[in-house]
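The values are calculated or read from the model by the stated rules, or taken from the named source; none is laboratory data. Note that the coordinates shown come from a computational prediction; the quantities given were computed from them, not determined experimentally. Cβ placement follows ideal geometry from the backbone for every residue including glycine, while neighbour counts extend to all protein chains displayed. Areas reflect the complete protein model, heavy atoms only, side chains present, ligands, DNA and RNA absent. Shrake-Rupley method; radii C 1.70, N 1.55, O 1.52, S 1.80 Å.
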Amino acid sequence: MRFTVFCRAILNHCSLQYKSLGLWLTLLIAGIPVQAALPEVIHQIKPSVVGVGTYHKLNTPRANLMGTGFAVGDGSFIATNSHVVPATLASNRNTDIVVFIGTGTAPDVRTARVIARDDEHDLALLKISGQSLRPLRLSAHPVREGEMYSFTGFPIGAVLGLYPVTHRGMISSITPIAIPARTAKELSIARLKQLKKPYLVYQLDATAYPGNSGSPVYHQNTGEVIAIINKVLVKKSKENALSDPSAITYAIPIRYLTQLMTQLP
């Protein structure tokens, strides 16, 4: 009797294993993302994440890393924050917008141009020169509070070279983007407009820094992008963002980038 029960248990185990294998193969053939371990996902994500900045041949240093971006569309487009590529650069003929591709002290530097901008949601799309990169997939799945995600970018710039850093955190809230001002001095016209008609963003309990602006926030198992890092909550001053980070970070939902991409040529 015991032997019979044991044999049945072995058969059931083998059946479950074959069913799991069959499901994995079905998802693979159908092109549905198969879950992978986070180290493998980071390995796949990193080649698509770039630095975004400026280049001025007469300045010292010539290159200035201002934020992060990532490849989308056909791989020749880079998504980032609008504030990473200020509109005033367009009037300076000696300064080029560039992206930094690769890892280390000698990245590939490509010129880029802004082809679409959404200042309301702090988004911009760049077109890069040269060979296309591998684009990241944009998620169409809903995001829920309590879910864990990762983001990869360049939090402290490129002092020692271009080395992407990955952080992770939980969606702690889906909240209006307008943060109440602590003093009257912080009540700018732009902030007052946001307070009247705010839109929802994701709040993460994760530590990000100014260089993380434009970093993709993605599923830890599939690499699909759900949002773009936009800003961090600063406790006292900009200097405190580095020395005493708040561990509260905000990200723009990916649907606004999807809408902006409809403007691509």
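Against the definition (on the phi < 0 side of the Ramachandran plot and open to solvent by 30 Å² or more (accessible area, probe 1.4 Å)), how does THR111 come out, yes or no? Give the steps one after another, and end with the answer.
Numbers: on the phi < 0 side of the Ramachandran plot: yes; open to solvent by 30 Å² or more (accessible area, probe 1.4 Å): yes.
Yes, satisfied.
When the residues of segment 38-74 are filtered to those that are closer than 16 Å to GLU224 by Cβ and small (Gly, Ala, Ser), which remaining residue is surrounded by the fewest Cβ atoms within 10 Å (Cβ to Cβ)?
GLY73
Any chance you could count how many residues in segment 148-195 are over 13 Å from VAL50 (Cα atoms) and at pLDDT below 65?
Adding up the residues that qualify gives 18.
Taking ASP122 as the residue in question, decide whether it is acidic (Asp, Glu), in contact with a Ser or Thr (Cβ under 9 Å, 6 or more places away or on another chain) and within 22 Å of PRO155 (Cα to Cα).
Working: acidic (Asp, Glu): yes; in contact with a Ser or Thr (Cβ under 9 Å, 6 or more places away or on another chain): yes; within 22 Å of PRO155 (Cα to Cα): yes.
So ASP122 fits the description; yes.
Go through segment 128-159 residue by residue and tally those that are part of a loop (DSSP other than H, G, I, E, B), in contact (Cβ under 8 Å) with a residue 40 or more places away in the chain and over 20 Å from PRO253 (Cβ atoms). Explain how you work it out, then say what you get.
We begin by selecting, within segment 128-159, every residue part of a loop (DSSP other than H, G, I, E, B); these are 129-137, 139-147, 154-159.
Applying the additional criterion that residues be in contact (Cβ under 8 Å) with a residue 40 or more places away in the chain yields 132-137, 139, 141, 143, 154-158.
Now drop any that are not over 20 Å from PRO253 (Cβ atoms), which leaves 132-134, 154-158.
Qualifying residue count for the region: 8.
Within the bounds of segment 245-255, is there any residue that is modelled with pLDDT of 95 or more, among the basic types (Lys, Arg) and over 22 Å from LEU38 (Cα atoms)?
yes
Which residue out of SER15, SER48, SER82 is at pLDDT below 50 and of a type outside the set (Lys, Arg)?
Numbers: SER48 fails: at pLDDT below 50; SER82 fails: at pLDDT below 50.
Of the residues listed, the single one that is at pLDDT below 50 and of a type outside the set (Lys, Arg) is SER15.
Quick check, is SER132 modelled with pLDDT of 95 or more, among the polar types (S, T, N, Q) and surrounded by fewer than 18 Cβ atoms within 10 Å (Cβ to Cβ)? Can you show your working first?
Working: modelled with pLDDT of 95 or more: yes; among the polar types (S, T, N, Q): yes; surrounded by fewer than 18 Cβ atoms within 10 Å (Cβ to Cβ): yes.
Criteria met by SER132.
SER139 fails exactly one of the following numbered conditions: (1) modelled with pLDDT of 95 or more; (2) open to solvent by less than 30 Å² (accessible area, probe 1.4 Å); (3) more than 17 Å from the chain's Cα centre (by Cα). What is the number of that condition?
(3)
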